[in-house]
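A short worksheet on the structure shown next.
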Amino acid sequence: MSFNPWLQRQEGTFQEMSGSELSLILDRAGEAFRQWRGVSLDTRCNMLKEMSRTLLARRQELAVLMASEMGKPVTQGVAEVDKCALLCTWYAEHTPQILKPERRDSSAGESYVCYEPQGIILGIMPWNFPFWQVFRFIVPSFAGGNAALLKHASNVPRCALAIEEIVHDAGFPAGIFRTIFPSHIQVSTLIADRRVRGVSLTGSNIAGKKIASVAGGHLKKMVMELGGSDPFIVFPDVSVEKAVEAATFSRFQNGGQSCSAAKRIIVHHDIYDEFRDKFLSAAIALRTGDPLDPHTEVGPMVSVAAAEELERQLEETIQAGARLLCGGRAGEERPALFIPAVVEDVPLSSPLACEEIFGPVAPLFRFTSAEEAVKMANDTPYGLGAAIWTSDERLAMDLAHEIDTGTVAINGVVKSEPGLPFGGVKESGYGRELAVEGLREFLNIKTVSVFKP
């Protein structure tokens, strides 16, 4: 169901597909794949370029669609569409070199490593970045010669259908990609189908464990980007103003509803008071409200239920001894709106320290030594990303290797971009998306050795 979280109004409903309808889609995807795998790389890459142009031509329309379905401010929605277009262009330019067979030394006369498509890849995607998360799954799938099916989050069906239109309008062959609306049982049936060769999932660790158990039972490869509780560590030898600006962006962008957002802001004792005061001012200054207003920086959360869960985490943390400095749940008139909140003196056993925070609440922590900062950073079941702010390059690199995450940003913020592999460790998932590694995840890395007869 499409439901506007700002207006609290239903925008449309969509029925689950029947088993026969899904079976027909699988048949057509299988047929399309057999033809698509033989299409030249130049043709594939030209279609990716056309898809980039199609995205840019519809950027404002798609941003409004995101705002209405999940509350993303339109300016951030436009940036998301632009990033998808950039991804298409990146793979169009780099795929021929990435997929070029590589000659390797061996006991044979000649040996080559080749990269070949496998079939249909099923994507199970979330609502928080309804275009970017999908495009970083389908673009490398198409570039590598695979077909793709999308099971999107149930609350962004119109975004899912818009993606199908974009793929079609870019000239990709019929059947090579479809948006589907299956039941939970039908998802398991799809994973079991022999034509589905892999599953790409972005979502919670709970969802990841459930889908992984199904995929594992059928020996299907998975790539999973799950939740995060990213630390943002600030040492006293950096510009507090720059660190505050970065922390504010990383914590509150997309209403704090991002796996790789700064979830725990860990500040050295010597600059803690200065950082807190400036960060508090920055949080209070954020403009909240209607996501269609171009001046809005933080829109509503995706749903009333999400706002209630965040409120529960905040209240339990305050009851445990933390202190709320600003923000909190808005009034009944806007039940999905959560005013950006800053909390200090957060007990390490409280929800804001131990659980993933998926909304605009920023817990602050103090540390006095690098060892203490690393311990706090690693004291979580998650391992997606981390940010380290220090002017000491040696210290930064040492800590980057000690912190157990898939990505570390030094004097910056954790983000995904086309040319770098992205993913996590521990309960943040496994496998990598984007870059060379993401393209090869669902390809058959085949060794061909030629011996003298």
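We did not get these values from a lab; they are worked out from the coordinates using the rules stated. Bear in mind the structure is a predicted one, so any value in this text is a computation, not a measurement. A quick note on method: Cβ atoms are made from the backbone with ideal geometry, for glycine too, and the neighbour counts reach across all protein chains shown.
For this structure, a couple of remarks:
- Rg of the Cα atoms in the stretch 324-438, relative to 2.2 N^0.38 Å, amounts to 1.23.
- Relative to the longest principal axis of the Cα atoms of the chain, the long axis of helix 41-57 makes an angle of roughly 40 degrees.
- Near the amide H of VAL425, within less than 5 Å, lie the amide hydrogens of GLY383, LEU384, GLY406, all on another chain or at least 5 residues away, with H placed in the peptide plane.
- Pairwise Cα inverse-distance average, inverted: Kirkwood Rh of the stretch 230-417 (Å): 16.5
- Signed unit charges on C-beta, dipole axis of the chain, positive-most listed residue LEU310, ILE233, ALA92: ALA92
- Spherically averaged projected area of the convex hull of Cα atoms, the stretch 173-308: 12.7 nm².
- Pairwise centroid distance, computed over Cα atoms, of the stretch 296-348 with the stretch 414-443, Å: 31
- Between 0 and 90 degrees, the angle of helix 205-217 with respect to the longest Cα principal axis of the chain falls at about 20 degrees.
- Summary of the geometry: the stretch 69-127 and the stretch 249-295, compared by the centres of their Cα atoms, lie 32 Å apart.
- Assigned charges on the beta-carbon of Lys, Arg, Asp, Glu; the stretch 82-218 dipole about Cα centre (debye): 480
- Karplus-derived 3J(HN,Hα) values for the stretch 93-98, using 6.51 cos²θ - 1.76 cosθ + 1.60 with θ = phi - 60°, are 7, 9, 4, x, 6, 5 Hz; glycine and proline are entered as x.
- Helix 393-402 and the long axis of the chain differ in direction by around 70°, with both axes built from C-alpha atoms.
- Rounded to whole numbers, the Karplus 3J(HN,Hα) couplings from phi for the stretch 122-139 are 8, x, 10, 10, x, 8, 6, 10, x, 9, 4, 4, 6, 5, 6, 9, 7, 5 Hz, using 6.51 cos²θ - 1.76 cosθ + 1.60 with θ = phi - 60°, and x at Gly and Pro.
- Looking at the chain, the DSSP beta bridges with both ends there are about 35 percent antiparallel.
- Computed from phi, the 3J(HN,Hα) profile of the stretch 427-433 under the Karplus parametrisation 6.51, -1.76, 1.60 (θ = phi - 60°) reads 7, 8, x, 8, x, 9, 9 Hz, with x in place of Gly and Pro.
- q = 0.06, 0.07, 0.12 Å⁻¹: log10 I(q)/I(0) that the Debye formula gives for the chain, counting C-alpha atoms only: -0.27, -0.37, -1.04
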